[in-house]
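Inspection log for the structure reproduced underneath, given as structure tokens.
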Amino acid sequence: MTSPSEKPAWKQRAVERSLHTAKLRAEQRVQRFLDAAQVIITEKGTTDFTVQEVVDRSRQSLRSFYMQFDGKHELLLALFEDALARTADQLRAAADGRTQPLDKLRTAAVLLFELCRPDPDTARPLFTDFAPQLLISHPGHVKTAHEPMLTLFTELMDQAQKSGQLRSEVASRRTAAMLMQTLMFIAQAAATSGDEGQQPISADEAWDFCARGFVGRDE
């Protein structure tokens, strides 16, 4: 028997169903805004667009937009976080194709390097325009956005260390963060540094350089 303060079971189910439906609708509205913004960015090759353009392209209202986002910055941040989460999924899938822990780590590292290398034929304004500004203005947001990748590399570091393939004193999360940052910086800087006739730094070179800091001597 329920107490007077408790809601009947049927009422609780009705409320839960209503909340679930409202959540699904909100998620669909958010996705439509994200999809519209991504199309505009692809068409323009820049993040220089207005909220009204996104609203018009999504065929939704301005009021609905501001119910989901504080403004354009939060919309771009959502796109940036989504892109990095998908990158983490791609890296994980590639690593899962390997058997040995160190091979998993190396595969993810090499792919991250290749994905971060600038492509003159492909505009990536979220990473070339928005990300550098975000790093200066909201470094905490950048850290949060990279969390899925850092979690993956930490897991791979842990696995390699447990298998005895890394130096015993290696701290997995700190080393994973340094590996990611080094690979991304080298990949992004390699295209603009050095002599014109110099061979670009390869993913394998970058991995070998980083691996000397944490791989066991017998590997």
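Derivation of every value follows stated rules applied to the coordinates shown; laboratory data play no part. Because the structure is a prediction, the values reported are computed rather than measured. Using ideal geometry, Cβ is built from the backbone for each residue, glycine included, and neighbour counts are taken over all protein chains shown.
A compact table of results
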read-out	value
Cleavage-rule hits (GluC sites (Glu not before Pro)) in segment 99-198: DSSP loop, at most 14 neighbouring Cβ within 10 angstrom	Glu169, Glu196
Under 12 Å, Cβ to Cβ, from Trp207 - net charge with Lys/Arg +1 and Asp/Glu -1	-3
Length released on extending from Glu43 to Asp70, taking residue separation times 0.36 nm less the Cα-Cα span	7.3 nm
Stretchable slack from Arg59 to Asp103, in nm (0.36 nm times residue separation minus alpha-carbon distance)	11.2 nm
Helical segments meeting 15 Å axial Cα length and Kyte-Doolittle -0.5 threshold in the chain (DSSP H)	72-96, 101-116, 147-162, 172-190
Proximal aspartates and glutamates to Lys162, defined as alpha-carbon separation beneath 18 angstrom and excluding residues fewer than eight positions away on the same chain	Asp96, Asp103, Asp218, Glu219
Candidates Ala203, Ala88, Ala22, ranked by Gaussian network fluctuation over the chain, Cα under 10 Å, top entry	Ala22
Gyration tensor (Cα) of segment 119-175, equivalent ellipsoid semi-axes in angstrom	31, 15, 9
Dimensions (Å) - segment 20-128, Cα atoms, principal axes, largest first	52, 40, 18
Sparse-neighbour loop sites [trypsin sites (Lys or Arg not before Pro); segment 116-175; at most 14 other C-beta within 10 Å; DSSP]	Arg167
Farthest toward positive dipole pole in the chain [+1 Lys/Arg, -1 Asp/Glu at C-beta], among Gln198, Phe185, Gln133	Gln133
When each of Lys44/Lys143; Lys104/Lys143; Lys7/Lys72; Lys7/Lys143 is checked by Cα-Cα distance, pairs over 32 Å	Lys7/Lys72; Lys7/Lys143
Calculated over segment 72-219: convex hull of Cα atoms, volume per residue (Å³)	120 Å³
Dipole magnitude (debye, nearest 20) for the chain, charges at Cβ of Lys, Arg, Asp, Glu	1200 debye
